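The structure appears below as structure tokens.
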Amino acid sequence: MLLDLIEKPNDIKKIPPEQLPELAKEIRAFLVEHLSRTGGHVASNLGAVELTMALHRVLDFPEDKLIWDVGHQSYTHKILTGRKDGFDSLRQLHGMSGFPNPKESDCDAFIAGHSSTSISLGLGFCKARDLLHESYRVVSVIGDGALTGGLSYEAINNASGMKSNYTIILNDNHMSISENVGGMSSHLARIRTSSYYTGLKNDVEVSLKKLPMGDRLVSGIRKTKSGIKQLFIPGMVFEEMGIMYLGPVDGHDSAALERVLRQALSIRGPVLVHVVTEKGKGYRPAERHPSRFHGSGPFDLAKGLPLSESPVTYTDIFSTVMRKLGDRNPRVVAVTAAMADGTGLKRFRNMFPDRFFDVGIAEGHAVTFSAAMAAGGMIPVFAVYSTFLQRAYDEILHDVCITGQHVVFAVDRAGLVGRDGVTHQGIFDLSYLSTIPNLMIMAPKNKWELSDMLKFAVDADGPVAIRYPRGEAVTRWKEKRQSIVAGKSEVLVEKEDSRVLLLAIGSMVKQAMDARELLERENISSDVVNARFMAPLDVEMIRRAASKYDTIVTLEDNVISGGFGEHVVAALEAAGYTGNTITVGVPDEFVHHGAVEELMEELGMDAASIAKKVRRVRNA
């Protein structure tokens, strides 16, 4: 097999050009086979095989810098840099990351995981290179979906005055996770539909020359700033911003890609190469359903179907309740940042298209847009992953909370998300959101509580955030369902003789209840309270707890610094508490990838570890 000849960086240059199509087939077969066992980003990687091969043919690694935007399309890059054997442990605990990471290989120029950063990074590398009088090449690969993010335009605007070479690859596969929206998407679509541009302009020149004074007309057009290209590519937005445009080129034609990349790398100044690719290329199920194969679990190789049935998730519950709220209240609107499928808003979009807004990968804009809709009398619900909401902190503070706008933040993938790893763990939201006055913050213990909290939030006044985890929704304790009261916790277990309190928020209620059972077997009686609210904190309950318990344990799936536990401990100190406190949460560090259950155990956040900590304090 040709793939066996790829053992280290730059080995692909030994493969004869006529054998590159066969190598591409082998890489796709390798990816589909391995990802069917481990899961991972299927569609995006299958679409970028020939592009990655061409880049590795024209660049030298690790000297040259190849910067991936988001990085979920870098699997072929990993193969071509000698990491083929690592795919057996892809996204597994202590295994190979699903994203680029310089700690894993010096061929990975920079860590990736969030969108729209690659042009800024590429420009930074170029400036460092030029100032140090070095000569390596810099190439950024950015998807058309990432071009809906404002950071990319800030970088393009800054790059326009460059005097040395910098190459930007626009990997245009028509979508991000959901279908792309907005003006840039429409612009690129017009370019794609003008695929006959390079040939057609010659035909038009011939036709113009047949007209009276035709030669003079053609000559005049050629002398204009944009030339005859202006007739065929609407706006020529990139060249008008100072970036030379090459393309579009077929992203699955190895020879054409290599030719245009060599041309781009020879040009002084910034160049954008427009490459048109197909997500899921070469694997029929992924071609048909690219969104389903964006981030997939293990699947049946022949049928393309998941190996296990998907349980009801918190996202599913949110989806159902949002549809019902949209039906009951015409002022409820839904906002997403290119994540309609991922956040569960697809059903709302289908039923209420006029009240659904996908703003593209632009979380900051989504928040300010929502603030103005709230000021105008609507009730916007912005559904967003915790890790991506980080990018809108200023807008939450400045545009929503200072003005007290009634915006509901549905913060999905809060806490440990597992195999997507360090760039995607939602372990900071309690800390950064709780620094903002006027923001109510809630977290549900089970699926019914999420439903109740969402209804409560829509009926509330002012800004509200509800954070909930990825994965299967807890279906325990339906019999303990109680109404939501602002700023009030919920007692789940209380005994007269208990001297230990397990005070948990959100998904950690399950760990608290399980730890309680373990402690009961050792005759250590403990009570459990579901905090429900991070803000406003139930200070009254905390004062009562200070007078009853000699050991109080806080539990959260957030970093300890600035988190729920620190707020509770501060309230206990204010109440004069002199007993023992234990804060269970994520250590103040970045958490790598692995199954959530494995990470919980490793971080000391599972029920057994919690019980052990209590036992140690009680026996001290």
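Taken over the range 479-535, the criterion of being under 21 Å from Val569 (Cα atoms), among the acidic types (Asp, Glu) and touching a helix residue (DSSP H, G or I) at 6+ places or on another chain (Cβ under 9 Å) is satisfied by Glu490, Asp527. Beta carbons closer than 7 Å, at least 6 apart along the sequence or on distinct chains, pair a first residue in the range 103-128 that is in contact (Cβ under 8 Å) with a residue 12 or more places away in the chain and within 21 Å of Ile361 (Cα to Cα) with a second that is among the hydroxyl-bearing types (Ser, Thr, Tyr) and in a loop (DSSP other than H, G, I, E, B) for Ile111/Thr423; Gly113/Thr423; His114/Thr423. One residue stands out among those in the range 449-471 that are under 16 Å from Met508 (Cα atoms) and more than 19 Å from the chain's Cα centre (by Cα): the one that is surrounded by the fewest Cβ atoms within 10 Å (Cβ to Cβ), which is Leu450. Screening Val58 on (1) hydrophobic (A, V, I, L, M, F, W, C); (2) buried (at least 22 other Cβ atoms within 10 Å of the Cβ); (3) in contact with a Lys or Arg (Cβ under 7 Å, 6 or more places away or on another chain) shows it passes everything except condition (2).
Among the residues of the range 8-40, those that are outside any helix (DSSP H, G or I) and either at pLDDT 95 or above or farther than 17 Å from Lys78 by Cβ (or both) comprise Lys8, Pro9, Asn10, Ile15, Pro16. Do we have any residue at all in the range 305-317 that's closer than 23 Å to Phe388 by Cβ, at pLDDT 95 or above and surrounded by fewer than 18 Cβ atoms within 10 Å (Cβ to Cβ)? Yes, some residue in the range 305-317 is closer than 23 Å to Phe388 by Cβ, at pLDDT 95 or above and surrounded by fewer than 18 Cβ atoms within 10 Å (Cβ to Cβ). Selection of first residues in the range 583-598 that are closer than 23 Å to Val614 by Cα and of second residues that are in a helix (DSSP H, G or I) and at pLDDT 95 or above, restricted to Cβ pairs under 6 Å at least 6 apart or on distinct chains, gives the following pairs, ordered by first then second residue: Thr583/Gly565; Val584/Ile610; Gly585/Gly565. For the range 512-531, the condition of being of a type in the set (Gly, Ala, Ser), assigned by TED's automatic domain parsing to the domain that holds Ala375 and assigned to a helix (DSSP H, G or I) holds for none of the residues. For the range 482-507, filtered to residues that are exposed (fewer than 13 other Cβ atoms within 10 Å of the Cβ) and out of contact with any strand residue (DSSP E or B) (no Cβ under 7 Å at 6 or more places or on another chain), the residue that is nearest to Glu522 (Cα to Cα) is Asp497. For the subset of the range 472-481 comprising residues that are touching a strand residue (DSSP E or B) at 6+ places or on another chain (Cβ under 7 Å) and of a type in the set (D, E, K, R), which member is modelled with the lowest pLDDT? Looking at the filtered set, the residue picked out is Lys480. Out of the residues in the range 531-580 meeting the condition of being buried (at least 17 other Cβ atoms within 10 Å of the Cβ) and of a type in the set (S, T, N, Q), tell me which one is nearest to the chain's Cα centre (by Cα). Step by step, filter the range 531-580, then rank; the result is Asn558. When we screen Gly565, Gly487, Gly506 for residues that are in a helix (DSSP H, G or I) and closer than 25 Å to Val464 by Cβ, the only hit is Gly565.
Scanning the range 281-306 for residues being free of Cβ contacts under 8 Å to residues at least 60 places away in the same chain and in contact with a Pro (Cβ under 6 Å, 6 or more places away or on another chain) gives a total of 1.
Quick one: is Ser120 surrounded by fewer than 24 Cβ atoms within 10 Å (Cβ to Cβ), touching a Leu at 6+ places or on another chain (Cβ under 7 Å) and either in the same structural domain as His424 (by TED's automatic domain parsing) or of a type in the set (S, T, N, Q) (or both)? So Ser120 fits the description; yes. When each of Gln73, Gln92 is tested for being part of a loop (DSSP other than H, G, I, E, B), more than 17 Å from Asp172 (Cα to Cα) and within 22 Å of the chain's Cα centre (by Cα), the lone residue that passes is Gln92. Checking each residue in the range 264-285 for being closer than 29 Å to Lys163 by Cβ and buried (at least 18 other Cβ atoms within 10 Å of the Cβ) picks out Ala264, Leu265, Pro270, Val271, Leu272, Val273, His274, Val275. Pick from the range 253-263 the residues that are surrounded by 20 or more Cβ atoms within 10 Å (Cβ to Cβ) and in contact (Cβ under 8 Å) with a residue 24 or more places away in the chain: which of them is farthest from Ser164 (Cα to Cα)? Per the criteria, the residue is Ser254. Inspect all residues belonging to the range 532-541 and state whether any of them is of a type in the set (Lys, Arg) and not in a loop (DSSP other than H, G, I, E, B). The answer is no; no qualifying residue exists.
The values are calculated or read from the model by the stated rules, or taken from the named source; none is laboratory data. Just so it is clear, the model here is predicted, and its values are computed rather than measured. Counting neighbours? That spans all protein chains shown, and the Cβs are built from the backbone with ideal geometry, glycine included.
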